[in-house]
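Please read the structure below before turning to the comments.
The values are calculated or read from the model by the stated rules, or taken from the named source; none is laboratory data. Quick caveat, the model's predicted, so the values are computed rather than measured. Glycine gets a Cβ as well: all are built from the backbone with ideal geometry, and neighbour counts include every protein chain shown.
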Amino acid sequence: MAGLARYRAKRRFGVTVEPRGTIARRRGNAFVIQKHNATRLHYDLRLQLDGVMKSWAVTRGPSLVPSEKRLAVQVEDHPIDYNKFEGTIPKGEYGGGTVMVWDRGVWEPEGDARSGLAKGHLAFRLDGEKLHGGWHLVRMRQRPNEKRDNWLLIKQHDEDARSERDKDILEEMPLSVKTGRTLDEIAQHTCRAKRKSRRKMTKRTKRKVKRAKRR
Ligand code: MN
């Protein structure tokens, strides 16, 4: 399926608070990493290309240590509007759980991005608020009956790389770059907002009932 058809098919808009999104005509090279506390905590890496965000779910999150290769499962393209999304997807919906904007910035392919993706090796640079320097995405050979493409996200050896003895970037910088919140704070805020709208609804309903009685 091309464009955002797969993205939309998986979601019930109006139930989930995620954006429906459109394919953007504007050019750009945004990247975002969203920390996503779904069934399992993971980090979604998204790179803007051809009007959408190419997306990978990095199960253990990115590592600055070049020897620590991280599994990155390619998932459906997301709309560029998704980059700003921080909040909680309701339980039972696709991807149910809390989403945080963990890092954002711009990316740049080394060579041609489209041919890199097609051949299964994309070398690129990130200039974010947390992540910098060179990275590789390398596609693993597909096993029979496997529906998804598994890639490895690997830090290149450069001045932004760290050794195993250094601090883990995920622990060192756990907060949202958008709001400075923790995952728990984002989740609680969503709950408060929901309660508030429910209270408002009750008042409105009561008023309607009164009006109906008067008639
Ligand atoms: Mn996710």
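Numbers at a glance
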quantity: Cβ pairs under 7 Å, 6+ apart, first in the range 73-90 and closer than 17 Å to ALA57 by Cβ and among the aromatic types (Phe, Trp, Tyr), second modelled with pLDDT of 95 or more and assigned to a strand (DSSP E or B); calculated: TYR82/MET53; PHE85/VAL99
quantity: Criterion violated by GLY180 - all others in (1) assigned to a loop (DSSP other than H, G, I, E, B); (2) modelled with pLDDT under 95; (3) not charged (D, E, K, R) satisfied; calculated: (2)
quantity: Search result, residues across the range 48-85 that are of a type in the set (Val, Ile, Thr) and crowded, with 17+ Cβ neighbours inside 10 Å; calculated: VAL52, VAL58, VAL65, VAL75, ILE80
quantity: Identity of the residue in the range 56-95, acidic (Asp, Glu) and in a strand (DSSP E or B), that ends up nearest to the ligand (Cβ to nearest atom); calculated: GLU76
quantity: Of all residues in the range 18-39 being crowded, with 17+ Cβ neighbours inside 10 Å and of a type in the set (Val, Ile, Thr), the one that is farthest from TRP107 (Cα to Cα); calculated: ILE33
quantity: Among (1) closer than 15 Å to LEU47 by Cβ; (2) loosely packed, with under 12 Cβ neighbours inside 10 Å - the single one GLY134 does not satisfy; calculated: (2)
quantity: Residue within the range 11-25 that is within 16 Å of the ligand (Cβ to nearest atom), assigned to a strand (DSSP E or B) and within 23 Å of ARG139 (Cβ to Cβ) present; calculated: no
quantity: Pairs with Cβ under 6 Å, 6+ apart, first in the range 98-112 and closer than 16 Å to SER55 by Cβ, second of a type in the set (Val, Ile, Thr) and away from the ligand (no atom under 16 Å from the Cβ); calculated: VAL101/VAL177; ASP103/VAL177; ARG104/VAL177
quantity: Checking MET53 against (1) within 11 Å of the ligand (Cβ to nearest atom); (2) farther than 26 Å from LYS167 by Cβ; (3) free of Cβ contacts under 8 Å to residues at least 40 places away in the same chain, the condition it does not meet; calculated: (1)
quantity: Test: residue in the range 40-47 that is surrounded by 20 or more Cβ atoms within 10 Å (Cβ to Cβ) and part of a loop (DSSP other than H, G, I, E, B); calculated: no
quantity: Contacts under 9 angstrom Cβ, first residue in the range 21-39 being without any contact (Cβ under 8 Å) to a residue 24 or more places away in the chain, partner part of a strand (DSSP E or B), 6 or more apart; calculated: ARG27/GLN48
quantity: Selection count, the range 26-37, where residues are at pLDDT below 95 and within 16 Å of the ligand (Cβ to nearest atom); calculated: 0
